[in-house]
Structure formats: C-alpha cells, structure tokens
Amino acid sequence: MTAWDSGGPLNLGGPRQRAVLARLIVARRHVVPVTRLVDELWDDPPERALGTVRTFVAALRKALEPDRPHRAPARLLVTEGPGYALRAAPDAVDAWRFETAVSEARYAPPPDALRRLDEALGWWRGPAYAEFADEEWARTERSRLAELRALAVERRAEAALACGRAADVVPDLDAHVARHPWREDAWRLLSLALYRSGRQGDALATLRRARATLAGELGLDPGPGLRRLESDILAQDAALERESSSLGRAETSPPRSASRLWSEAAASYDRTVEAGARARLESTVGLIRNLAVTGAGGLEAARRHRMEVVEAAEEYGDAELTARVIGAFDVPAIWTRGDDSELARQIVAAAERTLAHLPRDASDATRCRLLATVAVETRGARTPRGPQAAREAERLARHLDDPALLAFALNGTYMHSFTRAGLAPRRDTIGAEIVGLAARQGLVTFEVLGHLVRLQARAGLGDFPGADAHAAAATRLSERHELPLVGVFTRWYDALRHAASGEVARAETAMRAAAEHLDEAGMPGMRTGLLPLALVTLRLAHRLPPDVDLALDWGPHRPWAEALALAETGRHAQARAALRALPEPPPDLLYEALCCVAAEAALRVGDREALERVRARLLPATGQLAGAGSGVLTAGPVDVWLARVGDALHDATLDP
C-alpha cells in the first residue's frame, strides 16, 4: 500500500500505521470507531492501545496533509463521533476510481470502453491489500475488488471484440480462464474470440474444456450461454460475427433479459445514490434478504454479509436506521437450529442494543420487527428471552393489523413452539394462520413457510394425506417463484413417508439421497448430525438393531448416540452414567426423536430413573408419531414407546 502527492511517495510509517489507513479506505468514507481499530490491529491489545492509535492517526495526518497549518482541522483523515474517517475525493483512491471506471465503461461506446478499461486495469500492481491478506477486516474488500478486476477483464474483452480485435484478446482471456475456471462468461468470450479469429476447432475445444472443468470439479453442466454458443458454432451461425456486448448480445441472451434489467437497475442506483448513503444500507439488506432464499450460494453469502450491514448501520449512531436494517431481514425460517450460532448471537445482541436505544416516539412496527428478529434468532435455545420476544412481537403485530409483520412475528412464535413434546396441534394452527394471511397478501415466501409448518404438524399427527397436500402446495409455489430450498424439505419428507409406511430399505435410500442434496444447500444447522439420527430412528421405529456408528458426524446429537452405543454394546454401567448426564433435548424439531433414542438406551440397560424421565417427556405427545413433526424422520408411534417404557417400569428388577 502506497500513497503519493505531486512531490512523490509519502511516508506512511510502519505496518500497523499503514493498516490504520488501509482500514479507513476499506470503510469507504464511513467512520470506523477507535475501539474497533484497536480490536482489529491487535489480537491482544496493549494497555496504551488507544493512545497508540491516536499517535498513528497524528502521523498519518502529517504525511497526508504536510502543508496543513498548525491546529487547523484535518480535511482528509478526520475525527468524527467515536472514531475516524478518510474523506478523500472519489478519484483519490485507486480502488474507488477503479470501481467508477468499470461502471462507466459499461455504458460507453466500445472504443471508449476499451480505452477506459485499459487505463483502469493498468492501475493494478498486484492483489488488493496484499500486505493485509490475513486480516479479517480486509477479506471481504479483497474478494470484492478481485471480483471487480475479473469483471473488468471480461468487459475489456467484450469491448475489444466489438472493435474487431478478436485475436488480440485471446492470450489475455486464455490466462484469465486459467485463473478463474468457474467464470462461464470468461469461457464464452475466449471461445467467441477464437471463433472470430478463424479458429473454429479451438473454439469448440475451449467449450468442451469448459464443460469438463465444470463437470469434473463442481458436478455442474454449462449454463445456457455456453450451450447456446456451442450450438451456434456448430451451425456456423452468422450472428456470431456481429458486434456484441454483454448488455445486448443476441447470441447469448434474449433482448431485455431479466439479468440485463437487473444490471441496468443496479448501475442506475450506483450512479444516483451516493456511496455510503443510508438508503444504500437499507437497499443492501433487501438484496441480502433476497439472496438468502435463492439457494446454497445465496444463503451463505447472506450470512457472510448480514452482520457487516448491521455494523455499518450502527456506525451512524441512529437507532431507527439500525432497527430498519436489522428488521428488514425477515427471511422465513423453518428449521429450528440455526446455521451460524455466533452470527445469531451477534444479531440478537445488536437487536437488543437497538431496542434499548430507540427513541420514545419510535413506531411499534419498528419494535415489532426487532422483537421478531430476536425470537427467530434465539431458536433452539432454552432461554426465557426468545418466547418473551415472540409473544411481544405477535401482540404488537396483531395490534397494528399488519399482515406482513404478523407473518414475521408468527415465524418467531413457531420457533418457540417446541418447549415440550406434543405441540404439533399448536404448530398446525400457527401454520394455518400464516398460509391464510400470506396467500391473501401475496407474501409468497411466508405462504411456503406456512405450508411447510403444516406439513410437519400434520405428519406429527399422523395425517399423511394432509401433509401430502401441503408438500404439493409448497412445491408448486417453489417452482413458480424459483425457491430451490423448498426441495430440501420435500425430499426429506418423501423419505419420512417411506419410513412411516414401513419401507425401511426405500426410506434409507431416500434419506441418503436427501442428505446428499442437503450437503449443497448451505444449511449446516440442518445438515449436521441429521442423517445418522434419521437412520437410527428408522431402525428403532421398526425394532431393528440401531447399529449406532460413532464414526459419523452426529453433531449436537452425539451425547444421545453415545448413550445408545454403550447400551447396545453391553457396557451398561457406562451407559447408565451417560444417560444420567444427558440434558433435556433442545427445544427443537428433533426433541421427540432424541427422547426415543434415550428411551431405547434406558430400556436396554434397565435404568428406572431414565425411563421415568423419558416417559414424562413423551407423555404429552400421546397419539402422535415421535419425531415426525420434524418432517424428516420418525421413531414410530409415541404410544408404542410409552407402552414399552410402562411395561419396563412395572418390572421390579429394574435398576432403581
């Protein structure tokens, strides 16, 4: 990292001092609190860390503004609120002006775009923030700039092709696909450049190499753009010789495609909304919300960026802005164990801070969204705060008569309807209300949520025709509105149907297939430990040896698996100790299934105390299917388990 003025390079000091400036550049004119700078500069901050940061800032001010009169306020590196910001002009930082150049080149005539992108790519001297590559605060910006650089290379190639310089771009594109083998547009451009250079065979070979790379490394087929180009080359379509650009190429996408409209809208927004403006934060969280329902990559990206947006909002010191940013992420949640417990903790902490600092005249809707967020993010935890927040959010939403808000609040209520066994009827009622209000108001994702909640509840009650109807409704909505994550749950439900019908072999095959899809879904909270638990409960439901394999990843279910494994292998004393160390199962979709695993272990070793505990826990679910309320597995009828436990408790020889 370097800086310079008309007189040449500036002395930016040592690594930590340069890191302060780099961190402020990453913040893009936002304020970075001094406490955050301390945390990010040192793993174990020294006693005088705050003073050291101030010394760094003073030295940087002297380097950046050497002619500033003594005691005159700084104009570049300014103190504001709790920290510092770099108020450099947009064209004074390479990273910032590079982004502007790439955006502007998109709408320039091809010769101008080519010239502009050549200049912009010439500003690069190596990877972005290379000396801070291991720093967490630089990681996202490094990735963002690397993506922007790759995009610039491809847009430059587009412009060169449109200028008739196909042969000139082949070497650069060949190197580009070697560095970025997953970028399908890079392969498309290289193949097109080869074709226009009179190298038809090489063009086809490139497309086939792309196909082999995508299939061999990712298990994916090429997208429609690559498939269409291959077809056009084989047909020697005359359209391939026309000038084209990524905004309107006839050979790869229809005019005014959805992707083009999205790109144009995003670019227009970038031009009209000032970088760092509050409106950008609120719109960004809307984008993140939409990403979360698109599948694995989007879900992971949403998790990765969600807290960053919340932190950026908090830097403004405006509790209502922060509340809107936190509350806008009203993504329906169906699984009762989160994917990232640390992120959930941070989101809850931010929501609680914001609730505490809201002005007295803040709207009830704002409070409701924060409370619903707390309820959803505390899922699966035995704390009083989650249910309390859910009740208060639902009360406010009903008072406000806001259907969208009520759907979000009811999602929080659902998340805390697992405090004991046997609550499937209550969840069925919640799901029915969500379906009704979401269908009336066009809240598609919540309508899907309601159907999945009812699928689970009806399965738990043993009403499989009813559950089938809700599975079909959720599937129809997912296909119409492109919601791929719905298939994760319907595949597992198919496995459950086989299990409940006594088709053990088919159920096991279906469970393994569903688990493979789950690996790609970006939902570790659901994936971890689910398959081994499903396989063991399948065997328990049909009175088969459980065959507990502790080499598998049992995740949070491992204590129950270990107790059963000890009992199964005849180590009774150790199994009794393990049973007595078991906590009550978490208040989630798998509560009853874990109760049944504990029951089987207790039955095998004759542990009266453990049997009495499990009977008390399962008794409220009389008449229901144990675990089927999850929509993914079942250990069989609760009544069968209660009967087996009751018979054992009448045995006078049981260990007391």
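The values are calculated or read from the model by the stated rules, or taken from the named source; none is laboratory data. Every value quoted in this text rests on a predicted model; they were computed, and no experiment measured them. Note: ideal-geometry Cβ built from the backbone for every residue, glycine included; neighbour counts use all protein chains shown. Surface areas here come from the heavy atoms of the whole protein model, side chains and all, with no ligands, DNA or RNA. Shrake-Rupley method; radii C 1.70, N 1.55, O 1.52, S 1.80 Å.
Tell me, which residue of the range 193-217 that is farther than 18 Å from residue 175 by Cα and open to solvent by 60 Å² or more (accessible area, probe 1.4 Å) is farthest from the chain's Cα centre (by Cα)?
Per the criteria, the residue is 198.
What helices (runs of 4 or more DSSP H) completely inside the range 572-642 contain at least 1 residues that are within 23 Å of residue 452 (Cβ to Cβ)?
591-605
With respect to residue 535, is the statement that it is free of Cβ contacts under 8 Å to residues at least 40 places away in the same chain, out of contact with any Leu (no Cβ under 8 Å at 6 or more places or on another chain) and assigned to a loop (DSSP other than H, G, I, E, B) true?
Numbers: free of Cβ contacts under 8 Å to residues at least 40 places away in the same chain: yes; out of contact with any Leu (no Cβ under 8 Å at 6 or more places or on another chain): yes; assigned to a loop (DSSP other than H, G, I, E, B): no.
No: the conditions fail for residue 535.
Looking at 369, 360, 379, 398, which one is outside any helix (DSSP H, G or I) and either in contact with a helix residue (DSSP H, G or I) (Cβ under 8 Å, 6 or more places away or on another chain) or within 13 Å of residue 587 (Cβ to Cβ) (or both)? Quick ask: steps written out before the conclusion?
On the way: 369 fails: outside any helix (DSSP H, G or I); 360 fails: either in contact with a helix residue (DSSP H, G or I) (Cβ under 8 Å, 6 or more places away or on another chain) or within 13 Å of residue 587 (Cβ to Cβ) (or both); 398 fails: outside any helix (DSSP H, G or I).
Sole residue among the options that is outside any helix (DSSP H, G or I) and either in contact with a helix residue (DSSP H, G or I) (Cβ under 8 Å, 6 or more places away or on another chain) or within 13 Å of residue 587 (Cβ to Cβ) (or both): 379.
State whether the residues of the range 585-598 include one that is surrounded by fewer than 18 Cβ atoms within 10 Å (Cβ to Cβ), touching a residue at least 12 places away in the same chain (Cβ under 8 Å) and of a type in the set (Gly, Ala, Ser). Show your work before the answer.
First, the residues of the range 585-598 that are surrounded by fewer than 18 Cβ atoms within 10 Å (Cβ to Cβ): none.
No, that holds for no residue.
Could you say which residue among 332, 384 is at pLDDT 90 or above and over 29 Å from residue 486 (Cα atoms)? Walk me through it before giving the result.
Values: 332 fails: over 29 Å from residue 486 (Cα atoms).
Answer to the check: 384.
Quickly run through the range 52-76 and pick out the residues that are in a helix (DSSP H, G or I) and either surrounded by fewer than 16 Cβ atoms within 10 Å (Cβ to Cβ) or without any contact (Cβ under 8 Å) to a residue 40 or more places away in the chain (or both).
Those that are in a helix (DSSP H, G or I) and either surrounded by fewer than 16 Cβ atoms within 10 Å (Cβ to Cβ) or without any contact (Cβ under 8 Å) to a residue 40 or more places away in the chain (or both): 52, 53, 54, 55, 57, 58, 61, 62.
Tally the residues that are under 16 Å from residue 287 (Cα atoms) and either touching a strand residue (DSSP E or B) at 6+ places or on another chain (Cβ under 7 Å) or open to solvent by 20 Å² or more (accessible area, probe 1.4 Å) (or both), restricting the search to the range 313-329.
Matching residues across the range 313-329 total 3.
Kindly evaluate residue 565 against the criterion of being closer than 17 Å to residue 602 by Cβ, surrounded by fewer than 23 Cβ atoms within 10 Å (Cβ to Cβ) and over 28 Å from the mean Cα position of the chain (by Cα). Outline the logic, then answer.
On the way: closer than 17 Å to residue 602 by Cβ: yes; surrounded by fewer than 23 Cβ atoms within 10 Å (Cβ to Cβ): yes; over 28 Å from the mean Cα position of the chain (by Cα): yes.
So residue 565 passes the test.
Read through the list (1) open to solvent by 10 Å² or more (accessible area, probe 1.4 Å); (2) part of a helix (DSSP H, G or I); (3) closer than 25 Å to residue 338 by Cβ; (4) modelled with pLDDT under 90, then give the number of the only condition that residue 427 fails.
(4)
Can you tell me which residue within the range 77-136, out of those that are in contact with a Pro (Cβ under 9 Å, 6 or more places away or on another chain) and part of a loop (DSSP other than H, G, I, E, B), is nearest to residue 162 (Cα to Cα)?
Among those residues, the one meeting the criterion is 133.
Filter the range 115-150 down to the residues that are closer than 22 Å to residue 196 by Cβ and open to solvent by 50 Å² or more (accessible area, probe 1.4 Å), then identify the one that is nearest to the chain's Cα centre (by Cα).
118
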